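Engineer: For reference, the structure I am asking about is given below.
The values are calculated or read from the model by the stated rules, or taken from the named source; none is laboratory data. Nothing here was measured: the structure is a model prediction, and the numbers come from that model. Backbone-built Cβ (ideal geometry, glycine too); neighbour counts: all protein chains shown.
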Amino acid sequence: MVLEINPLIAMGVLASTAATDSAYVFFNSAVSKHRRVAAANWSAIWYLLSAFAVISYTENALYVLFAAAGSWLGAFSSVTFIRRGAEPRQHGPLGPA
C-alpha cells in the first residue's frame with residue numbers, strides 16, 4: 001500500500017465526493033417530491049461523479065479520508081442550500097428540525 005498523497009488528487013477526491021453527495025441529496029429531494037425526470041437526472045449525475053473518487057482511492061486507501069471529508073461537505077452544503085429555499089418551519093416538541 002502506498003502512503004504518499006498527491007495533493008491534487010486529494011483535492012480532486014474531496015471535490016468529487018462533495019459534488020457526489022450534493023447530487024445524492026438533490027436526487028433524494030427530487031424523489032421525495034415525485035419528480036421523475038429530475039430524480040433520474042440527479043441519479044445519473046451522482047454515478048458519473050463518483051467514478052473519479054472511487055478510482056482514486058482504490059489506488060491509495062488514504063484518499064478515503066478525503067472522500068469522507070468531501071462527502072460530509074457536500075451533504076452539509078446541499079442541505080443548507082435546500083433549506084434556504086424552504087419556508088420557515090415551526091419548532092416541534094423536540095426542537096428545530
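Engineer: Out of curiosity, is Ala53 modelled with pLDDT of 85 or more, crowded, with 16+ Cβ neighbours inside 10 Å and not in a loop (DSSP other than H, G, I, E, B)? Before you say what the answer is, go through the steps one by one.
Structural biologist: On the way: modelled with pLDDT of 85 or more: no; crowded, with 16+ Cβ neighbours inside 10 Å: yes; not in a loop (DSSP other than H, G, I, E, B): yes.
No.
Engineer: Confirm whether His91 is more than 16 Å from the chain's Cα centre (by Cα) and modelled with pLDDT of 85 or more. Steps first, answer last, please.
Structural biologist: Details: more than 16 Å from the chain's Cα centre (by Cα): yes; modelled with pLDDT of 85 or more: no.
No; evaluated as a whole, the condition is false for this residue.
Engineer: Within the stretch 1-25, take every residue that is surrounded by 13 or more Cβ atoms within 10 Å (Cβ to Cβ) and either in contact with a Ser or Thr (Cβ under 6 Å, 6 or more places away or on another chain) or acidic (Asp, Glu) (or both) and give me the one that is farthest from Gly74 (Cα to Cα).
Structural biologist: Per the criteria, the residue is Ile9.
Residues checked against (1) in contact with a Cys (Cβ under 6 Å, 6 or more places away or on another chain); (2) of a type in the set (Asp, Glu); (3) part of a helix (DSSP H, G or I); (4) at pLDDT below 90:
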{"residue": "Val2", "(1), (2), (3), (4)": "no, no, no, yes"}
{"residue": "Ala10", "(1), (2), (3), (4)": "no, no, yes, yes"}
{"residue": "Ala15", "(1), (2), (3), (4)": "no, no, yes, yes"}
{"residue": "Thr20", "(1), (2), (3), (4)": "no, no, yes, yes"}
{"residue": "Phe26", "(1), (2), (3), (4)": "no, no, yes, no"}
{"residue": "Val37", "(1), (2), (3), (4)": "no, no, yes, yes"}
{"residue": "Asn41", "(1), (2), (3), (4)": "no, no, yes, yes"}
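Engineer: Still on this model: Give the stretch 1-34 a look and list any residue that's free of Cβ contacts under 8 Å to residues at least 12 places away in the same chain and of a type outside the set (A, V, I, L, M), or say none. First the steps, then the outcome.
Structural biologist: First pass over the stretch 1-34, keeping only residues free of Cβ contacts under 8 Å to residues at least 12 places away in the same chain: 6-8, 28, 31-34.
Hits for the stretch 1-34 are Asn6, Pro7, Asn28, Ser32, Lys33, His34.
Engineer: A follow-up question, please. Somewhere in the stretch 35-54, is a residue of a type in the set (Gly, Ala, Ser), in contact (Cβ under 8 Å) with a residue 24 or more places away in the chain and within 17 Å of Phe81 (Cβ to Cβ)?
Structural biologist: no
Engineer: Among the residues of the stretch 56-76, which ones are surrounded by fewer than 17 Cβ atoms within 10 Å (Cβ to Cβ) and either without any contact (Cβ under 8 Å) to a residue 24 or more places away in the chain or under 16 Å from the mean Cα position of the chain (by Cα) (or both)?
Structural biologist: Initial filter on the stretch 56-76 (surrounded by fewer than 17 Cβ atoms within 10 Å (Cβ to Cβ)): 58-59, 61-62, 64-65, 68-69, 72, 76.
Of everything in the stretch 56-76, those that are surrounded by fewer than 17 Cβ atoms within 10 Å (Cβ to Cβ) and either without any contact (Cβ under 8 Å) to a residue 24 or more places away in the chain or under 16 Å from the mean Cα position of the chain (by Cα) (or both) turn out to be Thr58, Val64, Leu65, Ala68, Ala69, Trp72, Phe76.
Engineer: Let me ask you something else. Evaluate the following for Ile45: is it touching a helix residue (DSSP H, G or I) at 6+ places or on another chain (Cβ under 8 Å), surrounded by 13 or more Cβ atoms within 10 Å (Cβ to Cβ) and not in a helix (DSSP H, G or I)? Spell out the reasoning first.
Structural biologist: On the way: touching a helix residue (DSSP H, G or I) at 6+ places or on another chain (Cβ under 8 Å): yes; surrounded by 13 or more Cβ atoms within 10 Å (Cβ to Cβ): yes; not in a helix (DSSP H, G or I): no.
Taking the combined requirement at face value, the residue does not satisfy it.
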